[in-house]
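Data first, discussion second: the structure below is written as structure tokens.
The values are calculated or read from the model by the stated rules, or taken from the named source; none is laboratory data. Only a predicted model underlies this, so the values are computations on that prediction, with no experimental measurement involved. Here the Cβ positions follow ideal geometry from the backbone for every residue, glycine too, while neighbour counts run over all protein chains shown. Please note that ligands, DNA and RNA were not included when accessible areas were found on the heavy atoms of the full protein model with its side chains. Shrake-Rupley method; radii C 1.70, N 1.55, O 1.52, S 1.80 Å.
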Amino acid sequence: MAIFDYDKRKRQAVIKSDNLNFIREHFSFENEGARFARRYGRYMPARTYVITPAGKYEVGLTANIIKFIKKEFPNEKIQLEKTLLEAIKPNLNHEEAKLSLELRDYQTEIVGECLDKGRGVVMLATAGGKTLTMASMLEQIYQKVNQDTWKVLIIVPDLGLVNQTYEDFTKYECTFSFGKWTGNIPVDMTKNVIVANLGILQSDKTDLEWIQYIDILVIDECHKVRRSNKVNKIIKSIQTENKFGFTGTLPDNNADQWNIIGKIGPVIYQKKSYELRVEHYVTNAVAQVVKLHYKTQPNYAIDISDPGERYRQEFEFLFENKFRNGIIKKLSTGVKNNSLILVDYIKHGEALFEELNNNDQDKKVYFIRGEVDVEERDKVKRLIERDNNIICIAISRIFSTGISINNLHYIIFASGGKAKIKILQSIGRGLRLHESKTKLVIVDIADQLRYGQSHSDKRIDLYQEENINVKISNFHEK
């Protein structure tokens, strides 16, 4: 028999089973640092285990463990103690309440699942309306609590999303009080809901004592909660079991998936981008893959100890390449509507900014990078929403998540790569509906070089997995 219990003092679940060793082995992964440690004479375990030898693990993983037991040991009986059941499905009193904006059917379903389960991860594709869903859930809970003392912390990745979430809550006419907490804005403990960016939480100067006792934790873009992040310890210190994560997609690797689910809860709802497109909640999308064939190849060094150096050399060859930048210029200046060009490095963005500024199409060109303050970024966003004929070059880590721009018709992936989450989140920037838009065109610059070709093949596979129609064209350097 597998007996599941709960350690209230440590806020951990505990499993007792004759098959514990087999279960532990399944919920483990290779310790990537072990090989390097052995080179320098240091010992490090070859594998990392999610479940301790004593059977302790993070509560959110209970459903995953039970599913594994039922599959591998179908004759083993399972017993869940009451204390664990209360932690797995913590109670949330609530009352029917509506905001100024009507919910879509699936948003109503998500709110219902959150209120019923009391914790968990919601996988809702970008442009699906996560913020409205969060606000509606909190509004219904607010009606049944002590409204003077009720505290909710919403964690978002960056300052831009702090501002956007605050503005959205204002637009929704939420009845609970809410405020921002950033490096420039101190926390206001009189507010019911506090929206904070990851940076302020991870600052060594921040007092986090009060966070331990909040009533509800909500983490937007929770796929960013990786095992190596400092925010892990912060989440673990928070005593409430009412924790919710919202994201478009989870990491592919088990290590980060189990970390997110363990700390927050199981996946309680999922709606993919393709479903939103079919149901006409977001615009359709097509991928135009532009394969570039070069006359010359990068001067790959033969004897380099760092395997990443060859990739860097290929990138150095590309971002200053006149043929390549000329193609990007033709593609972005040859259309009437607005374009977003995503790059990974400032140097690349600067080269494109210089190239694109010399255009005869009266295009306005902006470059958004880290040192551009939030107010200036918001100004550019408003210009794109209001006007046409704008090209915005942006560092992908800044504009790949959370930025809402409806009047965006083209997204150009100018830096390649194969990171699934970054690509899907970036596509989401242009999926929101707009009266002038019938589809989003993803322009994928596919360099036919050693790394560029393999990465572009993976991106094409991803587009096809997402049911995005792919068209391929070829350009050869003369």
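Structure values in brief
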item: Qualifying residue in the stretch 216-238 (condition: under 18 Å from the mean Cα position of the chain (by Cα), at pLDDT below 95 and more than 26 Å from residue 166 (Cα to Cα)); result: yes
item: Counted residues, the stretch 368-383 - those being loosely packed, with under 11 Cβ neighbours inside 10 Å and either in a loop (DSSP other than H, G, I, E, B) or at positive phi (or both); result: 3
item: Hits in the stretch 422-470 (condition: of a type in the set (A, V, I, L, M), in contact with a Ser or Thr (Cβ under 6 Å, 6 or more places away or on another chain) and assigned to a helix (DSSP H, G or I)); result: 424
item: Residues of the stretch 262-278 satisfying the condition of being outside any strand (DSSP E or B), touching a residue at least 12 places away in the same chain (Cβ under 8 Å) and open to solvent by 10 Å² or more (accessible area, probe 1.4 Å); result: 263, 266, 272, 273, 274, 275, 277
item: Meets criteria (touching a Gly at 6+ places or on another chain (Cβ under 7 Å), touching a residue at least 24 places away in the same chain (Cβ under 8 Å), under 27 Å from residue 111 (Cα atoms) and basic (Lys, Arg)) for residue 236; result: no
item: Count of the stretch 426-442 residues which are farther than 28 Å from residue 321 by Cβ and open to solvent by 10 Å² or more (accessible area, probe 1.4 Å); result: 8
item: Flag for residue 186 being more than 27 Å from residue 425 (Cβ to Cβ) and part of a loop (DSSP other than H, G, I, E, B); result: yes
item: Tally, over the stretch 124-152, of residues that are of a type in the set (Val, Ile, Thr) and open to solvent by 10 Å² or more (accessible area, probe 1.4 Å); result: 4
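Every residue, every condition in (1) in a loop (DSSP other than H, G, I, E, B); (2) surrounded by fewer than 16 Cβ atoms within 10 Å (Cβ to Cβ), yes or no:
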{"residue": "154", "(1), (2)": "no, no"}
{"residue": "160", "(1), (2)": "no, no"}
{"residue": "163", "(1), (2)": "no, no"}
{"residue": "171", "(1), (2)": "no, yes"}
{"residue": "199", "(1), (2)": "no, yes"}
{"residue": "223", "(1), (2)": "no, no"}
{"residue": "228", "(1), (2)": "yes, yes"}
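Here's the yes/no breakdown for (1) under 17 Å from residue 312 (Cα atoms); (2) among the aromatic types (Phe, Trp, Tyr); (3) open to solvent by less than 50 Å² (accessible area, probe 1.4 Å); (4) under 19 Å from the mean Cα position of the chain (by Cα):
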residue	(1), (2), (3), (4)
393	no, no, yes, no
399	no, yes, yes, yes
418	yes, no, no, yes
421	no, no, yes, yes
424	no, no, yes, yes
444	no, no, yes, no
450	yes, no, no, no
464	no, no, no, no
